[in-house]
Amino acid sequence: MKVVDSGLVATSMRDIGRVRLHRPRSAQHVLEILSDAERRPVIVAGATDLCAQFNCGLTATDLIWLARLDGYERIATAGSDLVIGAGCTHAAGAAAVALGKRFPDLQKAWRMVASGVERIREWGTIGGNLMAGRTRYETLVLLMAAGAVLRFETPSGQQAVEARDFWEKRAPAASFLSEIAVPMEGLIALRYDRSLRPIMTLAICVRQVEGGVQAHAVIATQS
């Protein structure tokens, strides 16, 4: 670690050393790299959070860039679910016609994420926002309220983790997040309030269920 005095403020710089870049085109190739015990691989898509992670002490021998994976940016429907590829950027989600038709409330809320920061909106992804594990990031709050399921690719097949459990369970070992499934059945509305950031944010989802209406609210505070 070196400290450099610019004459105005003291800033720190960290030499991260040599890092090998992988650009896999298949999930299997990604899993093979992750399974190598001699490497310390880090997964990136838009890489907008990477510098912050290095500054916080992250070490890596390899970077796995997922942008070339087929379908990693897609937004589609599968049965009664809306499926969002983990590599979908904030800008793409905000403009996606399929999302606007099926879940306009989610799209409206997603447009608020990183609003005003063009670089992050163009490159930052929904998966990266989740996997960064930062309490001030907003995507998990929305997905928890919406009852979403996070799907990870693992050596033993796809594994699902409910968004509401993700903060405690985290990701399965040697895996990567491939897509997010949002249930659409009975959906009435999703509302998101971030007017009190950075103190707190609030998301509430309302659905029609057997016997009446059910509301699920999530409040997040920044630590």
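Largest GNM mean-square fluctuation across Gly85, Gly147, Gly116, computed for the chain with C-alpha springs under 10 Å, falls on Gly116. Across the protein chains, with a 1.4 Å probe defining accessible surface, the residues Ile126, Ile219, Ile120 rank Ile219, Ile120, Ile126 from largest area downward. Working from label points 7 Å from Cα in the Cα-to-Cβ sense, the Leu21 to Met184 distance is 3.7 nm. When the charge dipole of the chain is built from unit charges on Cβ atoms (+1 for Lys and Arg, -1 for Asp and Glu) and taken about the Cα centre, the candidate among Leu196, Ser35, Ala217 whose Cα reaches farthest toward its positive end is Leu196. When the chain is modelled as a GNM with alpha-carbon springs shorter than 10 Å, which of Tyr72, Tyr137, Tyr192 fluctuates the most? The residue with the greatest mean-square fluctuation here is Tyr137.
Remark: the stretch 204-220, residue by residue, has Karplus-estimated 3J(HN,Hα) of 9, 10, 10, 10, 8, 10, 4, x, x, 10, 10, 10, 10, 10, 10, 10, 10 Hz, where x stands for each Gly or Pro and the curve is 6.51 cos²θ - 1.76 cosθ + 1.60 at θ = phi - 60°.
Run through the DSSP bridge list for the chain and note the antiparallel percent, rounded to the nearest 5.
Antiparallel: roughly 85 percent of the beta bridges in the chain.
Using a simple spin-label model with pseudo-atoms 7 Å out from Cα toward Cβ, Thr221 and Lys101 lie 4.3 nm apart.
Result for the chain in a Gaussian network model with C-alpha springs under 10 Å: among Ala160, Ala109, Ala52, the largest mean-square fluctuation is at Ala52.
For the chain, the dipole from Cβ point charges (+1 on Lys and Arg, -1 on Asp and Glu) about the Cα centre works out to 440 debye, to the nearest 20. Ligands, DNA and RNA left out, the 1.4 Å accessible surface of the stretch 151-223 is 50% carbon and sulfur atoms.
Stretching Thr61 away from His29 to a fully extended chain increases their span by 9.8 nm, per 0.36 nm per residue minus the current alpha-carbon distance.
Normalised size of the chain, defined as Cα radius of gyration per 2.2 N^0.38 Å with N residues, equals 1.08.
Skip the ligands, DNA and RNA, and give the accessible area per residue of the stretch 18-148 with a 1.4 Å probe, whole Å².
Value returned for the stretch 18-148: 49 Å² of accessible area per residue.
The length gained by stretching the chain between Asp70 and Arg191 to full extension, at 0.36 nm per residue less their Cα-Cα distance, is 40.4 nm.
The values are calculated or read from the model by the stated rules, or taken from the named source; none is laboratory data. Everything numeric in this text was worked out from a predicted model, so none of it was measured. Note that we place each Cβ from the backbone using ideal geometry, even for glycine, and neighbour counts take in every protein chain shown. Note: accessible area is taken over every heavy atom of the protein model, side chains too, but ligands, DNA and RNA are not part of it. Shrake-Rupley method; radii C 1.70, N 1.55, O 1.52, S 1.80 Å.
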